[in-house]
Amino acid sequence: MAVTGDSARLEAFSDGVLAVAITLLALNLSIDGPGPGHGSLAHQLAGRWPVVAAYFVSFFTIGIIWVNHHALFKTLTQIDRTVLFLNLLLLLFVVVIPFATSTMATYLRAGGNDAHLAAALYGFVLEGMSLSFGSIFVWSIRRGHFRQELEPAEARKAILRFGFGNTVYLVAAGIAFLSAPLALALYGAIAAYYIFEQTPSAPEPVAETETDG
């Protein structure tokens, strides 16, 4: 059985990686400034809407990953070797999100087939992240690592709720070949879905009440 320190080290390492990934997103935000051929500030801002939109979707996606990562691990009683490696796999995809974001934002402005492929690439990266995160969740349920023991029916429902993004990310990646902006909107909608708690909550401690003798 793992000790509490195992979870603390895992979360501290993950927090550091997530913080770097979310910071890297801002590197693609820039304005050319005044000068010949650059146009007005309003014109430049309007022309860079894909960069801004991709930034906000990715920022909230990584931020929500961080929130749900914390929510999940505070409900676990054990952190085994498999969970450590699955967590590394999750972080592998998280650190690729800034690259996928920059690629999508660049080609969305250009349009054409490259824009479709870039939006699909972004979806495949998020799909890898989602599958990795879901694997941690499923493994922990199967191994009985949750503080709150789940009945089989409850476990199935929890897995479906938590893994909802697995299917929708694939759908959005497919839609990207038809409409890249629509795919980006779907990626944002999936992030909004995960704002709400999708992990089994740890049982609240029962407060002791004093009774009259």
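The values are calculated or read from the model by the stated rules, or taken from the named source; none is laboratory data. Please read all numbers here as calculations on a predicted model, not as lab measurements. We place every Cβ from the backbone using ideal geometry, glycine too, and count neighbours over all the protein chains shown.
A few notes on this one:
- Failed item in (1) assigned to a helix (DSSP H, G or I); (2) over 29 Å from residue 23 (Cα atoms), with residue 149 passing the rest: (1)
- Some residue of segment 136-156 being closer than 20 Å to residue 63 by Cα, modelled with pLDDT under 95 and among the basic types (Lys, Arg): no
- Subset of segment 57-109 that is among the β-branched types (Val, Ile, Thr) and in a loop (DSSP other than H, G, I, E, B) - its residue that is surrounded by the most Cβ atoms within 10 Å (Cβ to Cβ): 79
- The residue that is modelled with the highest pLDDT, counting only those in segment 24-42 that are farther than 25 Å from residue 100 by Cα and not hydrophobic (A, V, I, L, M, F, W, C), is 40.
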